[in-house]
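Below is one structure, written out as structure tokens; the observations come after it.
The values are calculated or read from the model by the stated rules, or taken from the named source; none is laboratory data. On a predicted model such as this, the values are computed, not experimentally measured, just so you know. Methodologically, a virtual Cβ is constructed for each residue, glycine included, from the backbone with ideal geometry; neighbour enumeration extends over all protein chains shown. Heads up: the accessible areas ignore ligands, DNA and RNA and are worked out on the full protein's heavy atoms, side chains in. Shrake-Rupley method; radii C 1.70, N 1.55, O 1.52, S 1.80 Å.
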Amino acid sequence: MNFVPQVATTDISDADLDNVSGGLAIGGSGGLCVETPIASVAADLLAVATPDGVTTGMALHAAAH
């Protein structure tokens, strides 16, 4: 007896695979960090564009020593 499950496979086009894997996107990011003996400040920016729209994000962190 063979207890291994049988799996059906099929070919998928590149266009369909792009949709399954999240599609196509382009993005960019940048950051800045400044440290002094008194404090440190860090900031990050992010932007991602897809056929569905644009997403942006920003983060800021400040700490006193």
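For the reader, a short list of remarks on this structure follows.
- Of the residues making up the range 9-42, those that are open to solvent by less than 100 Å² (accessible area, probe 1.4 Å) and more than 30 Å from A63 (Cα to Cα) are I12, S13, A15, D16, L17, D18, S21, G22, G23, A25.
- Hits in the range 34-65 (condition: of a type in the set (D, E, K, R) and part of a strand (DSSP E or B)): E35, D44
- Residue in the range 1-14 that is in contact (Cβ under 8 Å) with a residue 24 or more places away in the chain and small (G, A, S) present: no
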